[in-house]
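Trainee: First the structure, which I've put down as structure tokens, then a few questions once you've had a look.
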Amino acid sequence: MLPWLLFILAAISALALTLRLSRVLEKRENRGWPLRWPIPRKHPRHLDPIFTTTDLGPTLDTLVTYSSSIDVQGGTSDREAWILAVLAKRACTIFEFGTCTGKTTHLLALNAPTAAIIHTLTLAPEQASAYTKAAEDEGHETRAALRASVHTTFVYSGTPVAHKVRQIFSDSKAFDDAPLASTCDLIFIDGSHTASYVRSDSEKALRMLAPGGIIIWHDYRGPWRPRGVYTVLNDLAKKLPLMHIEGTSFVAYRKPLA
Ligand SMILES: C[S@@+](CC[C@H](N)C(=O)[O-])C[C@H]1O[C@@H](n2cnc3c(N)ncnc32)[C@H](O)[C@@H]1O
């Protein structure tokens, strides 16, 4: 009887310890702990002065129309959603890689100026065969990308801002970015998280970015998950001044005006 009791106590203690540890890791992951992450972590005011806070917190210039990210498949955190919504307020042409539920698309459309257009690209369920996995890509990230490719109607569908959205169904490697060269004020990269796709989406985004425009990548979460985002962005940071936005999994780049 005693060995069983000890075994059960040990199992409960191990479970409690694991839960505690996962909570600590969860809190610290966006601060680059325990390893140093190569891309410097900065307050969002370094990306745009609109995020400069006072002793009362963010200024009223950062007020946005908002909907929560709670329980949204593949979505952003609430802090990330707020940053995107604030940036959308001054963006006339926006591009999103990876629509998923369209929750972020809706948020961008709600906050962008009246004449703005939001191009959002996603893989339709029947286009799965167009997905081209490279040898370097992780199998589980490929499967995750295809699992997320199930939606054909979206959160923004049928809403008063739906007319601002241009929905594109295509594999992102096959998408022709040339017509949008140097036109986009804000680009959100959140499609497949495998290395070959993050690299291809980033190359297209850099070509589509207007002078003064901003690219935001989602899911820079360290060396373990998703590895493609981490490795490709660390490589890109050797050539471009990327910043990891504090308290988020966002990496950002602003193209110089000149
Ligand atoms: C993480 S979800 C995007 C979440 C969304 N941006 C949001 O904030 O709610 C990833 C999306 O990328 C799309 N995707 C995955 N692989 C793709 C590919 N090869 N081409 C185009 N879209 C792809 C999936 O269909 C899915 O919609």
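Trainee: Can you give me the relative contact order of the chain as a percent, contacts being Cα pairs under 8 Å and 6 or more apart?
Mentor: On the way: 427 pairs, mean separation 52.2, N = 258.
That works out to 20 percent.
Trainee: Sticking with this structure for a sec: Which helices, counted as full DSSP H runs in the chain, have an axial Cα extent of no less than 30 Å and a Kyte-Doolittle average of 1.0 or above? Don't jump to the answer; show the numbers that get you there.
Mentor: Details: long enough: 2-28 (39 Å, 1.17).
Span-like helices in the chain: 2-28.
Trainee: Nearest 5 percent is fine: what portion of the DSSP beta bridges confined to the chain is antiparallel? It would help to have the intermediate numbers written out before the result.
Mentor: Working: 8 of 29 bridges.
Counting DSSP beta bridges with both partners in the chain, the antiparallel share is about 30 percent.
Trainee: About its Cα centre, how strong a charge dipole does the range 118-215 have in debye, to the nearest 20, once Lys and Arg get +1 and Asp and Glu get -1 at the Cβ?
Mentor: Working: 9 positive and 12 negative charges, 44 e Å.
For this selection, approximately 220 debye.
Trainee: By average Cβ neighbour count within 10 Å, what is the ranking of 63-69, 160-166, 86-92 from highest down?
Mentor: The densest-packed peptide leads the list: 86-92, 160-166, 63-69.
Trainee: Separate question: Normalised radius of gyration for the range 86-211, please: alpha carbon Rg relative to 2.2 N^0.38 Å, two decimal places. Let's see the in-between values first.
Mentor: Values: Rg = 14.2 Å, N = 126, 2.2 N^0.38 = 13.8 Å.
Here the Cα radius of gyration is 1.02 times the empirical estimate.
Trainee: Ok, one more. If you place +1 on the Cβ of every Lys and Arg and -1 on the Cβ of every Asp and Glu, how big does the dipole about the Cα centre of the chain come out, in debye to the nearest 20?
Mentor: Details: 29 positive and 24 negative charges, 119 e Å.
Computed about the Cα centre, the dipole is about 580 debye.
Trainee: Please work out the ratio of the alpha-carbon Rg of the range 128-191 to 2.2 N^0.38 Å and round it to two decimals. Don't skip to the end; give the middle numbers.
Mentor: On the way: Rg = 14.4 Å, N = 64, 2.2 N^0.38 = 10.7 Å.
The reported ratio for this selection is 1.35.
Trainee: Compute the whole-percent fraction of alpha carbon pairs in the chain spaced more than 24 Å apart. Can you show the working numbers first?
Mentor: On the way: 16523 of 33153 pairs.
When all Cα pairs of the chain are counted, 50 percent exceed 24 Å.
Trainee: Which of the GluC sites (Glu not before Pro) across the range 38-146 are loop residues per DSSP, with 14 or fewer other Cβ within 10 Å?
Mentor: Numbers: sites: E80, E96, E126, E136, E138, E141; in loops: E136, E138.
Passing both the DSSP loop test and the Cβ count: E136.
Bear in mind that the values in this text are calculations on the coordinates, not laboratory data. Keep in mind that this is a model prediction, so the values were computed, not measured. Glycine also receives a Cβ, built like all others from the backbone with ideal geometry; neighbour counts cover every protein chain displayed.
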